[in-house]
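The values are calculated or read from the model by the stated rules, or taken from the named source; none is laboratory data. Bear in mind the structure is a predicted one, so any value in this text is a computation, not a measurement. Backbone-built Cβ (ideal geometry, glycine too); neighbour counts: all protein chains shown. Ligands, DNA and RNA are excluded from the accessible area calculation, which covers all protein heavy atoms including side chains. Shrake-Rupley method; radii C 1.70, N 1.55, O 1.52, S 1.80 Å.
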Protein chains: 2
Amino acid sequence: MAAFSCKAVKFSLPFSPHHPVSSGLQIRSTFIGRGLNVQPLRARRRCRYLCSQTRGFFHLHKTKCSKQSRLQKHLSKMAGQPKTSSTGQPVRAHETRTSNTKSRQIESFAALPPGSVSPAKRQIKEVKETKATINCVTFPLPGEGPEQQLLKPDEWSYCDYFWADKKDPQGATSLPGFEVLLQKQLKGKQMQKEMSEFIHERTKIEEEYAKNLSKLSLSPLAAQEEGTLGEAWTQLKKSLHDEAEVHLKFANKLHTEVEKPLLTFRGDHFKKDLKKYDHHMADLRKQLASRFASVEKARKALADRQKDLEVKTQQLEVKLSNKTEEDIKKARRKSTQAGDDLMRCVDLYNQTQSKWFEEMVTASMELEKLEVERIEWIQQHLRQYTTLRHETDMFNQSTVEPVDQLLQNVDPSKDRELWVKENKTGEVRPVDMDI
Amino acid sequence: MAAFSCKAVKFSLPFSPHHPVSSGLQIRSTFIGRGLNVQPLRARRRCRYLCSQTRGFFHLHKTKCSKQSRLQKHLSKMAGQPKTSSTGQPVRAHETRTSNTKSRQIESFAALPPGSVSPAKRQIKEVKETKATINCVTFPLPGEGPEQQLLKPDEWSYCDYFWADKKDPQGATSLPGFEVLLQKQLKGKQMQKEMSEFIHERTKIEEEYAKNLSKLSLSPLAAQEEGTLGEAWTQLKKSLHDEAEVHLKFANKLHTEVEKPLLTFRGDHFKKDLKKYDHHMADLRKQLASRFASVEKARKALADRQKDLEVKTQQLEVKLSNKTEEDIKKARRKSTQAGDDLMRCVDLYNQTQSKWFEEMVTASMELEKLEVERIEWIQQHLRQYTTLRHETDMFNQSTVEPVDQLLQNVDPSKDRELWVKENKTGEVRPVDMDI
């Protein structure tokens, strides 16, 4: 069985096993985002998925595979080999005749135990397409392979739903699932900024209102009213100023406790950190693409070598040329080498894909956490908004109390007394004139 | 005793007697103000004040009195008569020699019983100033006459404190006490108008506030927020519109329940009615002035007649002229007639003053009532203002409730589920590539 040289990654994910474990592996994520508060993940994860391959199957790029299989079938026919695999399913045959080479067999290299049947005796079989590589990522085809269980069932976790790339409805381009998650976070940042702006607008409205009330409270209208009624009226006017103070205080608190935090939550470095995440994941995909290209190249090289070998063998049999056994051995060696190269390329590809897989899980979990935090943080601060609203209405109510009090004290008799004392002209009543 | 031909007036005033009642009189106020809600007054009032004159005293206009008394003293000296009255106080003497005339005696006409001492035997006495006529209204001098009790003690009633005219500090003009009361009512009308204006300004501020809140509630800011958080945010925005409605309602109620009533309370006819009151009282004062002028004229005429008689009498005694007894009788008759004229003028003057007095009491009581009503009415409507304020704050509080509710329901897991369902790219996880 192949041993993978993966770096250790520590996860805290309680992954549920969906494949039998064949080896214990530790894999470490290479990326710890500074601004993102990524917690070091400290749990062993069994590299289960890597053992998901069904024994005995080869895999080729989808389109080439169909072509190849027809070609192989033809070649097999020509070679006179049957085309069924040990499991009864068509496989792609590869005849290798290096009996004492230690090179790995191309077919089912992960599954063949040492000392298996000599390639010469293997039959050429047809290969059924069970996997497809889309945008350089390899997936099982629908209905093929063991059923995949969700990594985090019932949680609608990001790490379960964003494996494929999203097709752009208009064009040929597509967006990696990770990008979709990242854009959600960027949008979240935009949302908090817009919410902050909204709150800012509210504070402006409150300040305007306060300013108007304050100005009106200074009005001299009916200032000449005297006595207890005059006092009540004066207090009524003053209460507008008190109300203004309440609303100004509301505006200030809105600003410091809601608006500003909403604006500065996560700061500018957040976007940069997200970008780093973005680039990191994009790099991994690029690497994967590069590896995939190598695989394709090696596959083609192998096909060329095999064809060359076949042609030469046929030529030998029909004595069409004077190629020596030596030439055929050379061709066979080159073919085997090409087979080895392909295996190595596929191996590297799978390593890279594995790496990308792990980073995807880590990163999407991180983004998921960030989103939970974002929602909760916003919830908390919007609650602060409603708290301030409640407070404000209560304080506002209290500004009316003294007015009520003084209105209760309004006393026409008292006012008359005050006014008469101030304005009387004379108490002595007239009397009859004498002669 | 003189019998006054006064019209009956019905008062509801519980006047306390300040003078012994000498005769029961009923006096009716001629003015019932239509717009002023003057209640018909239905109580008998004893014409007490009219009997306030101290027996045995004459009265003259203050300045003339002093002049006259000096003249009289001089004349008395010349006539060789002592100058003391029966009460021991100096009186102004008037020698009338009409023994069988039925004309009233000038002195103490209200007090002398029929069949009193013949004028010839009366002594010429000095008159002490006990009253003063100021702006045609006659008052007792300080310390003179019986002590006056307030008509409405402990009430600081208008009817007790506005008898004299108010001196204008700058000029020679003066304002009747009634005018002061009237101006208070007119000022009250101005006050309610200014209060109405103030409330109007408040409604404008509320409408502006409501308009701003409503506009902001339609903002698309952060509209892209989804899920439970998005719902809470949407409700938060909507709550601004609810607040706007509350403040708009406040503004409308302020307008209909406080501003408008304050503006229309008592209406335009009020001022006109006050003006009528004003003119009525002014007319009475003019009448009084006119009567007073007549008194002065009659007094002068009497003085002239008396002087003429005296001169003629002296001339007879010193046989300076060949005036016959007939001439002296004629002079004496004229003198007596002048005395009768004076008495009639004084009588009419006192009637007019009495009339003015009654109207003053009625009118000032009416104004007092109007002022009480005004204060209570304003108090009531300002209380409506505070009630609306309380209401508004409470309604405003309730606009926050649904926001609180939805914020409580914010659920990051649910939001993730919704979003993932909507945006997932693929659940199938990648697998190793086969060769």
Q | Evaluation of A:Lys319 against (1) part of a helix (DSSP H, G or I); (2) surrounded by fewer than 15 Cβ atoms within 10 Å (Cβ to Cβ) (one fails), failing number | A | (1)
Q) Out of all the residues in the stretch A:350-370, is one or more more than 30 Å from A:Met281 (Cβ to Cβ), in contact with a Ser or Thr (Cβ under 8 Å, 6 or more places away or on another chain), of a type outside the set (Gly, Ala, Ser) and part of a helix (DSSP H, G or I)? A) no
Q: Residues being open to solvent by 70 Å² or more (accessible area, probe 1.4 Å) and touching a residue at least 40 places away in the same chain (Cβ under 8 Å): count how many of those fall in the stretch B:217-237.
A: 2
Q) Applying the selection to the stretch B:136-148, what residues are assigned to a loop (DSSP other than H, G, I, E, B), in contact with a His (Cβ under 8 Å, 6 or more places away or on another chain) and facing chain A (nearest Cβ under 10 Å)? A) B:Pro146, B:Gln148
Q | Test set (1) at pLDDT 95 or above; (2) closer than 20 Å to A:Gly177 by Cα - A:Lys276 fails condition number | A | (1)
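Among the residues of the stretch B:285-297, is any in contact with a helix residue (DSSP H, G or I) (Cβ under 7 Å, 6 or more places away or on another chain) and more than 30 Å from B:Leu186 (Cβ to Cβ)?
Taking every residue of the stretch B:285-297 in turn, at least one turns out to be in contact with a helix residue (DSSP H, G or I) (Cβ under 7 Å, 6 or more places away or on another chain) and more than 30 Å from B:Leu186 (Cβ to Cβ).
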Q. Got a sec? Which of A:Glu401, A:Glu427, A:Glu422 is open to solvent by 60 Å² or more (accessible area, probe 1.4 Å) and at the interface with chain B (Cβ under 7 Å from one of its Cβ atoms)?
A. A:Glu427
Q. Quick check: anything in the stretch A:324-332 within 14 Å of another protein chain (Cβ to nearest Cβ), crowded, with 20+ Cβ neighbours inside 10 Å and not polar (S, T, N, Q)?
A. no
Q: Search the stretch B:151-173 for residues being in contact (Cβ under 8 Å) with a residue 24 or more places away in the chain and facing chain A (nearest Cβ under 9 Å), and hand back the single one that is farthest from the chain's Cα centre (by Cα).
A: B:Leu151
Q. In the stretch B:252-306, how many are among the small types (Gly, Ala, Ser) and crowded, with 16+ Cβ neighbours inside 10 Å?
A. 4
**Q.** Matching residues in the stretch A:408-418 - criterion: being open to solvent by less than 60 Å² (accessible area, probe 1.4 Å) and either in contact with a helix residue (DSSP H, G or I) (Cβ under 6 Å, 6 or more places away or on another chain) or more than 7 Å from every other protein chain (Cβ to nearest Cβ) (or both)
**A.** A:Val410, A:Asp411, A:Pro412, A:Asp415
Q. Of the residues A:Met360, A:Met343, which is within 8 Å of chain B (Cβ to nearest Cβ) and open to solvent by less than 20 Å² (accessible area, probe 1.4 Å)?
A. A:Met343
Q: Give the residues of the stretch A:168-188 that are crowded, with 17+ Cβ neighbours inside 10 Å and either not acidic (Asp, Glu) or not in a helix (DSSP H, G or I) (or both), sorted by residue number.
A: A:Pro176, A:Gly177, A:Phe178, A:Val180, A:Leu181, A:Leu182, A:Lys184, A:Gln185, A:Gly188
Q: Within the stretch B:216-242, work out how many residues are among the basic types (Lys, Arg) and more than 9 Å from every other protein chain (Cβ to nearest Cβ).
A: 1
